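Here's the structure, in structure tokens; my notes come after.
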Amino acid sequence: MQGRSDPQRELLDVESVAGHLLPQGGMFAFLAAHRRELFPDELFADLFTAGRGRPSVPVEVVASVLVLQTLHSLSDREAVEALTFDLRWKAACGLAVTDAGFHPTTLTYWRRRLAGSDRPERIFDAVRAVVAQTGALAGKHRRALDSTILDDAVATQDTVTQIIAAIRRVAREVPGAAEVIAAQTRAHDYTQPGKPRIAWDDQQARAELVDALVGDAHRVLGHLPEQELEPRAAEAVGLLALVAGQDVEPAPDSDGTDGRWRIARRTAPDRVISTVDPDTRHAHKTRNQRRDGYKAHLVVEPDTGIITATALTPASGPGNSDAAVGIDLLTRDHTLPDTTADTTADTTADTTADTTAETAGETVVEVLADSAYGTGDMLAALAQTGYRAIIKPWPLRPTVEGGFSIDDFTVDTQRGTVSCPNGLTTHLTPSRYAVFGARCRGCPLAARCTTSKTGRTLRLHPHDALQRAHRAAARDLEFTAAYRRHRPMVERSIAWLTRGNRRLRFRGTRLNDLWLSHRAAALNLRRLLALGLHRPTTGGWALT
């Protein structure tokens, strides 16, 4: 049952006794005065069954604690200790001096309820509604996209550790699996945690262990009883199958059917790196710098620094690229004005530095981002919505260093032909390949064009014309000025987000995505307070 705060204050209510000591314009003073308006009871009513069970901690108290916790980067235990002993927290949450805080697991319970609900971002949405009422984004038609890698909360596991952990999990989760494991496995005693004792500096011993562990995993999977599995059990079986196959390949002298395995001489795409948190992934910030974790994606209004949309995904993998997530985030950013531009909007239009630029009477929304967002699909999505792409173009990499790039080839889309710098012309194939082949023989420009003995071959992206036009527009001085002036501002918001929060506290995409939305809500609220957020006597929210 949903709990509610007593509207009458206690004798030692901190806000009434010492509220005047709270710095005006700060988060504690704001929540002390307006937490009920910001987080009304009806905002969380769907999480409870009316009239059943013991009353919960009041909504306004828990929501305020979650905001303060993410703002100050505290664990559950630290947050509850602050609520118990810090008078500022007590004033912000409406507690008396003598009131004790609740148990730390209450926050865990609330997060799980929120994450599993239909509206997990309701705290972020509540702050976003305040932003809308203040008009802080009125006339702000630029949005900057960016992302940053956040370290996961678990240790990366090697292949041996993952297989052993996955088999042990199957034994715990799947009915009858413990007996199968005891009967079918030979490489290790899976009732015991940790790795087998072998000579780890002996390459042959390591190879034999990997081969035996993979064999154990396959036998377990092949001998599990036929049955309908619960979701957790099915997930455990699927994880075992994945980790038993992602890092191994048949032994050098194996035909692939005799069950002999070795560590693969490559890295599996979208590789699971931990059975404790199967969602976390490897990512390369640079060619030589690898990070493990998740990627936080943001849409930011660059002038105010207000975050208008967020998403958290594994750090790599299909569908998790900056451009793919960026397209989705822009559709979820309801602070942007509706555009009615023709779906064939010309992305080569001159870029201006005016935030209220108009074309044919319609507001032009400018999207600023680095080259990670400069894909053909992203440009096409922006053109379809009528947005102007102020995006650093995707870098061109000539086949020969210092030689011809794809822009040096002329494409005639109507005739379906491609001409090279030497004037040779060939037709595009149905799969958009331009094959010059034998016509490159004897070409005086071949040394600057290709190193292939069979001649130059191009493959044109489906949005090649759009990408060419965008690269041409990016050479305009006004485009460059707008990009340099506004795009770097998003780094400020990224710095606010990651300060003291580079390492995540939770496992799995869902809970970490919820944390990101709470962090963004807290930062937005703090930013609004810096801009003069207040509640007029006439109601609503406004900025000074």
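Taken as a whole, region 244-254 holds no residue that is at pLDDT below 95, open to solvent by less than 40 Å² (accessible area, probe 1.4 Å) and at positive phi. Within region 247-261, residues that are touching a residue at least 40 places away in the same chain (Cβ under 8 Å) and within 18 Å of residue 221 (Cβ to Cβ) sit with their Cβ atoms under 8 Å from residues that are of a type in the set (Asp, Glu) and surrounded by 10 or more Cβ atoms within 10 Å (Cβ to Cβ), at 6+ positions apart or across chains, in these pairs: 260/211; 261/211; 261/249.
Among residues of region 438-456 being surrounded by 15 or more Cβ atoms within 10 Å (Cβ to Cβ) and touching a Ser or Thr at 6+ places or on another chain (Cβ under 8 Å), the one that is modelled with the lowest pLDDT is 439.
Suppose the filter is crowded, with 22+ Cβ neighbours inside 10 Å, closer than 24 Å to residue 103 by Cβ and over 32 Å from the mean Cα position of the chain (by Cα); does residue 67 pass it? Criteria not met by residue 67.
Selection of region 287-339 for residues being of a type in the set (A, V, I, L, M, F, W, C), at pLDDT 90 or above and not in a strand (DSSP E or B) yields 315, 323, 324, 325, 327, 329, 330. Of the residues making up region 119-152, those that are more than 21 Å from residue 67 (Cβ to Cβ) and either over 16 Å from the mean Cα position of the chain (by Cα) or among the hydrophobic types (A, V, I, L, M, F, W, C) (or both) are 135, 138, 139, 140, 141, 142, 143, 144, 145, 149. Applying a threshold of 9 Å to beta carbon distances and a minimum spacing of six or more residues, or different chains, the list of pairs starting in region 20-41 at a residue that is farther than 16 Å from residue 534 by Cβ and ending at one that is surrounded by fewer than 21 Cβ atoms within 10 Å (Cβ to Cβ) and among the hydroxyl-bearing types (Ser, Thr, Tyr) reads 41/5.
The residue of region 119-152 that is surrounded by the fewest Cβ atoms within 10 Å (Cβ to Cβ), among those that are in a helix (DSSP H, G or I) and free of Cβ contacts under 8 Å to residues at least 40 places away in the same chain, is 129.
Pairs linking a residue in region 1-15 that is of a type outside the set (A, V, I, L, M) to a residue that is open to solvent by 100 Å² or more (accessible area, probe 1.4 Å), with Cβ atoms under 8 Å and 6 or more positions apart or on different chains, are 5/36; 15/9.
The residues of region 527-538 that are crowded, with 17+ Cβ neighbours inside 10 Å and part of a helix (DSSP H, G or I), listed by number, are 527, 528, 529.
In the set (1) at pLDDT below 90; (2) surrounded by 18 or more Cβ atoms within 10 Å (Cβ to Cβ); (3) farther than 20 Å from residue 476 by Cβ, the condition left unmet by residue 397 is number (2). When the residues of region 156-188 are filtered to those that are open to solvent by 40 Å² or more (accessible area, probe 1.4 Å) and in contact with a Pro (Cβ under 8 Å, 6 or more places away or on another chain), the one that is farthest from residue 227 (Cα to Cα) is 168. Residue 271 meets the conditions (1) at pLDDT 90 or above; (2) farther than 30 Å from residue 212 by Cβ; (3) part of a loop (DSSP other than H, G, I, E, B) in every case but one. The failed one is (2).
Mind checking which residues of region 166-225 are of a type in the set (S, T, N, Q) and touching a helix residue (DSSP H, G or I) at 6+ places or on another chain (Cβ under 7 Å)?
184, 185
Which residues, taken from region 153-176, are of a type in the set (Asp, Glu) and at pLDDT 95 or above? Residue satisfying the conditions is 173 alone. Among the residues of region 87-97, none qualifies, meaning not one is within 19 Å of residue 501 (Cβ to Cβ) and part of a strand (DSSP E or B). The set of residues from region 274-286 being outside any loop (DSSP other than H, G, I, E, B), under 13 Å from the mean Cα position of the chain (by Cα) and at pLDDT 90 or above comprises just one member, 281.
The values are calculated or read from the model by the stated rules, or taken from the named source; none is laboratory data. Here the structure is a predicted model, which means the values were calculated and not measured. Every residue, glycine as well, gets a Cβ built from its backbone with ideal geometry; the counts of neighbours run over all protein chains shown. The accessibility values were calculated without ligands, DNA or RNA, using every heavy atom of the protein model including side chains. Shrake-Rupley method; radii C 1.70, N 1.55, O 1.52, S 1.80 Å.
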